[in-house]
Amino acid sequence: MKHTYTRDRGAAKAAVRYYQLRPRGRDEEPRTIFTKDATISRADADRMLREHQNGNFLVHRITLSPSDRERPEDLKDFTRYVMAQLEESKGQRLHWFAVEHKNTDHHHVHVMIAGTGER
């Protein structure tokens with residue numbers, strides 16, 4: 001897992017676009033933006049980033065990249081599981097979405113968490 005964050009709304013919006021539209025790998029289907037229970041549009045993702053802020057703009061960016069030995073069959077389900085565990089351990093409801101990348105030999109998921117969560 002890798003974590004970074006941004007306090008710049010424009011950079012966060014650009015990251016979402018990049019995650020979804022970055023050149024795909026051969027035979028990779030168009031990428032969708034998903035949450036714990038739905039698929040959303042890029043406009044909905046941007047709205048989530050704006051609406052769930054607590055003071056200053058803040059977006060956490062996490063890359064989930066399981067090793068080849070640990071790689072689950074379904075990375076979306078894996079991401080939903082990891083994010084549910086994070087919510088439980090933090091004791092907060094997190095507003096997040098993610099994009100799965102299969103454009104390299106090592107498949108991974110980019111997750112964006114809006115703000116700091118809600119108790």
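The values are calculated or read from the model by the stated rules, or taken from the named source; none is laboratory data. Nothing here was measured: the structure is a model prediction, and the numbers come from that model. Cβ: placed from backbone, ideal geometry, glycine included. Neighbour counts: every protein chain shown. Surface accessibility is based on the protein's heavy atoms, side chains included, excluding ligands, DNA and RNA. Shrake-Rupley method; radii C 1.70, N 1.55, O 1.52, S 1.80 Å.
If you take the residues of segment 20-41 that are open to solvent by 40 Å² or more (accessible area, probe 1.4 Å) and β-branched (Val, Ile, Thr), which of them is nearest to MET83 (Cα to Cα)?
THR39
When segment 4-28 is examined, which residues are found to be in contact (Cβ under 8 Å) with a residue 60 or more places away in the chain and not basic (Lys, Arg)?
Restricting attention to segment 4-28, the residues satisfying the condition of being in contact (Cβ under 8 Å) with a residue 60 or more places away in the chain are 12, 15-16, 19-20, 22-25, 28.
Passing the criteria: ALA12, ALA15, VAL16, TYR19, GLN20, PRO23, GLY25, GLU28.
Counting just the residues of segment 103-119 that are at pLDDT below 80 and not in a strand (DSSP E or B), which one comes out surrounded by the most Cβ atoms within 10 Å (Cβ to Cβ)?
Here the residue is ASN103.
Considering segment 42-93 alone, what residues qualify as being in contact with a Pro (Cβ under 7 Å, 6 or more places away or on another chain) and crowded, with 16+ Cβ neighbours inside 10 Å?
PRO66, PHE78
Pick from GLU87, GLU70, GLU100: which is acidic (Asp, Glu) and at pLDDT below 90?
GLU70
Would you check if ALA84 is in contact with a strand residue (DSSP E or B) (Cβ under 7 Å, 6 or more places away or on another chain), under 19 Å from ILE33 (Cα atoms) and either part of a strand (DSSP E or B) or among the aliphatic types (A, V, I, L, M) (or both)?
Numbers: in contact with a strand residue (DSSP E or B) (Cβ under 7 Å, 6 or more places away or on another chain): no; under 19 Å from ILE33 (Cα atoms): yes; either part of a strand (DSSP E or B) or among the aliphatic types (A, V, I, L, M) (or both): yes.
Answer is no for this residue.
Among the residues of segment 1-59, which ones are assigned to a loop (DSSP other than H, G, I, E, B) and of a type in the set (A, V, I, L, M)?
Scanning segment 1-59 gives MET1, ALA38, LEU58.
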